[in-house]
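Computed from the coordinates by the stated procedures, all read-outs in this text should not be read as laboratory data. These numbers come from a predicted model, not from an experiment. Reconstructed Cβ throughout: ideal geometry from the backbone, glycine too, with neighbour counts over all protein chains shown.
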Amino acid sequence: MAHRIAVIGGDGIGPEVTAEALKVVRASGVQLDTTDFDLGGARYLRDGEILSDEVLQQLRGFDAILLGAVGTPEVPPGVIERGLLLKMRFELDLYVNQRPFIGTAPGGTVPHDFVVIRENTEGPYVGEGGVLRKGTPNEVATQGSVNTRMGAERAIRYAFELAMVRRKHVTLVHKTNVLTFAGDLWQRAFNDVAAEYPEVSTAYNHVDAACIYFVQDPQRYDLIVTDNLFGDILTDLGGAVSGGIGLASSANLNPARTGPSMFEPVHGSAPDIVGTGKANPTAAVLSAALMLDFLGESAAADRVRAACDEPVSGSTSDIGSQIAARVAI
Ligand code: IPM
Ligand code: MN
């Protein structure tokens, strides 16, 4: 049976890389029944639609959502990000953002292979806070980080479950030496879950130290679990030490499967190179491989990943065609 996929190409290079990801999945033999949704900054500029409750309700009916990139320089920061991307993450309860990194850090010799589990529904992303006396010299802005025991624990538990089928090692990354309230909640939740998984060894790094290890010693990691904002920043660095952001894939997961999960490259809409054919679709293709894993199509997903391991060259569509030819059965 064909998997029912909602496709949001989005803005900039988003539609270009998404088309290649679909080309590769179709070549793998996996049947997809796709429906395009015209959403993003360009749509917003045209008629004001960002993500209505009605469209959100339609999205709930799909098996998965494949997203390219959203955001355009003509729309002020935050409008599309909060109104579309974060709204989907929150409303569809995509509480795990899983971002795998494989490569050799620039200047390094030993390859690494690790996964960041980023909590995806809480932290400073929730929009808590506000502004007082705006535009005056006495302006005040607050933006609180919201951390619930339930939210931290479910992301941590997901990491430990994944650890059982990987190298049985999980590192918590936080800033417990300064964020003594949130960090303490995370540390206790981590310790309690760890006690349920005696076979899994654990480590802790402050986020600033983790930045050094990402560059100098990423082999120490197998699974990292961290909060939403630390995870956002660390995963751009993860991409930079793993062959570049053009290869960085991600899965926004609802592991409870109460609705569809969403798959998107870590990179943005790159309006500076739209239409040039310079965008590398590999991150979108690898995100589609994560989607195949989640849809129970692991054999096809493994073939797509293996195909992405071989060198590629040429334009966006050349690269997509090269990868597609390798996965064709
Ligand atoms: C990401 C992006 C988003 C985030 C932006 C576009 C809201 O940077 O997926 O990493 O901050 O989560
Ligand atoms: Mn980011």
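Residues in the range 262-292 that are touching a Lys or Arg at 6+ places or on another chain (Cβ under 8 Å) and within 12 Å of ligand 1 (Cβ to nearest atom): 262, 266.
The residue of the range 229-239 that is farthest from residue 97 (Cα to Cα), among those that are in contact (Cβ under 8 Å) with a residue 40 or more places away in the chain and more than 10 Å from ligand 2 (Cβ to nearest atom), is 238. Here residue 250 meets the list (1) part of a helix (DSSP H, G or I); (2) within 14 Å of residue 21 (Cβ to Cβ) almost entirely, failing just condition (1).
Per-residue answers, yes or no, for (1) of a type in the set (A, V, I, L, M, F, W, C); (2) over 16 Å from residue 91 (Cα atoms); (3) in contact (Cβ under 8 Å) with a residue 12 or more places away in the chain:
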{"residue": "16", "(1), (2), (3)": "no, yes, yes"}
{"residue": "21", "(1), (2), (3)": "yes, yes, yes"}
{"residue": "35", "(1), (2), (3)": "no, yes, yes"}
{"residue": "41", "(1), (2), (3)": "no, yes, yes"}
{"residue": "45", "(1), (2), (3)": "yes, yes, yes"}
{"residue": "50", "(1), (2), (3)": "yes, no, yes"}
{"residue": "59", "(1), (2), (3)": "yes, no, yes"}
{"residue": "63", "(1), (2), (3)": "no, no, yes"}
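Contact map, the range 126-139: residues that are under 24 Å from residue 93 (Cα atoms) paired with residues that are assigned to a loop (DSSP other than H, G, I, E, B), Cβ distance under 7 Å, separation 6+ or inter-chain. Pairs shown: 128/143; 128/144; 129/143; 129/144. Is it the case, given these coordinates, that residue 243 is free of Cβ contacts under 8 Å to residues at least 40 places away in the same chain and out of contact with any Lys or Arg (no Cβ under 7 Å at 6 or more places or on another chain)? For residue 243, the condition - free of Cβ contacts under 8 Å to residues at least 40 places away in the same chain and out of contact with any Lys or Arg (no Cβ under 7 Å at 6 or more places or on another chain) - is not met.
The condition (being part of a loop (DSSP other than H, G, I, E, B), closer than 27 Å to residue 90 by Cβ and in contact with a Leu (Cβ under 8 Å, 6 or more places away or on another chain)) is satisfied by just one residue among 239, 259: 259. Among the residues of the range 147-198, just one is among the polar types (S, T, N, Q), free of Cβ contacts under 8 Å to residues at least 60 places away in the same chain and buried (at least 20 other Cβ atoms within 10 Å of the Cβ), namely 171. Restricting the search to the range 70-87, which residues are out of contact with any Leu (no Cβ under 7 Å at 6 or more places or on another chain) and near ligand 1 (Cβ under 8 Å from one of its atoms)? 71, 81, 82, 85, 86, listed by residue number. Please enumerate the residues belonging to the range 271-298 that are over 17 Å from the mean Cα position of the chain (by Cα) and among the small types (Gly, Ala, Ser). Result: 275, 277, 279, 296, 298.
Matching residues to (1) within 16 Å of ligand 1 (Cβ to nearest atom); (2) not in a strand (DSSP E or B):
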{"residue": "173", "(1), (2)": "yes, no"}
{"residue": "202", "(1), (2)": "no, no"}
{"residue": "209", "(1), (2)": "no, yes"}
{"residue": "215", "(1), (2)": "no, yes"}
{"residue": "219", "(1), (2)": "no, yes"}
{"residue": "224", "(1), (2)": "yes, no"}
{"residue": "231", "(1), (2)": "yes, yes"}
{"residue": "234", "(1), (2)": "yes, yes"}
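I'm trying to understand the selection: among the residues of the range 283-307, which are farther than 30 Å from residue 154 by Cβ and either surrounded by 20 or more Cβ atoms within 10 Å (Cβ to Cβ) or in contact with a Cys (Cβ under 8 Å, 6 or more places away or on another chain) (or both)? I'd like the intermediate steps shown before the answer.
Residues of the range 283-307 that are farther than 30 Å from residue 154 by Cβ, as a first pass: 303, 306-307.
Within the range 283-307, 303, 307 qualify.
When residues in the range 253-284 are screened for being away from ligand 2 (no atom under 16 Å from the Cβ) and not polar (S, T, N, Q), 15 of them pass. Of the candidates 108, 71, 123, 103, the single residue that is of a type in the set (Gly, Ala, Ser), within 30 Å of residue 164 (Cβ to Cβ) and within 14 Å of ligand 2 (Cβ to nearest atom) is 123.
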